[in-house]
Amino acid sequence: MAAGAPARALPAPARREPEHRPTRAPQRRPGAPPTRASRLSRQSLTARLVVFVVLLSLLAVGRVTLSFAVVQKNLQTDAVARQERAVEAANQRLAERAATLSSALTVRSVAMSKYHLIVSPDVQFITVHRHAATHTGR
């Protein structure tokens, strides 16, 4: 440039946007203290693992509890079914006994042995006419 020439301003260089490059974790030296990002990453992983194990344990406990409840209900149902069969068998025996006790010979023998009733040797039948039964001596 010449000494007497006016100074000319140059245009400012165009601003460039920084390129987005994938960031890599900085390389640590062996034995160097861990960086804050790696500590947070490890803590986050540990917390997620703990939450997963706790939820898995709750699910397993719920499943075992449900299975136990089902087994208890099955045992109660079996007990009721056994009781029902026993009652039905007792009812059957009682029905058979009632049938044998209601026969005329059984009633006669019970009346004679238990109540000391005597059967009359001569049986007499009385016949009442219908007209006499409806009009009672008016």
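Of note:
- Convex hull per residue volume in Å³, alpha carbons only, for the stretch 72-121: 62 Å³
- Across the stretch 51-62, computed HN-Hα scalar couplings (Karplus, 6.51 cos²θ - 1.76 cosθ + 1.60, θ = phi - 60°) run 4, 4, 5, 5, 5, 5, 5, 4, 5, 5, 5, x Hz from first to last residue, x flagging Gly and Pro.
- Farthest positive-ward along the stretch 59-117 dipole, Cα basis, beta-carbon charges - from MET112, LEU59, LEU75: MET112
Laboratory data are not the source of any read-out in this text; all were calculated from the coordinates shown. Quick caveat, the model's predicted, so the values are computed rather than measured. A quick note on method: Cβ atoms are made from the backbone with ideal geometry, for glycine too, and the neighbour counts reach across all protein chains shown.
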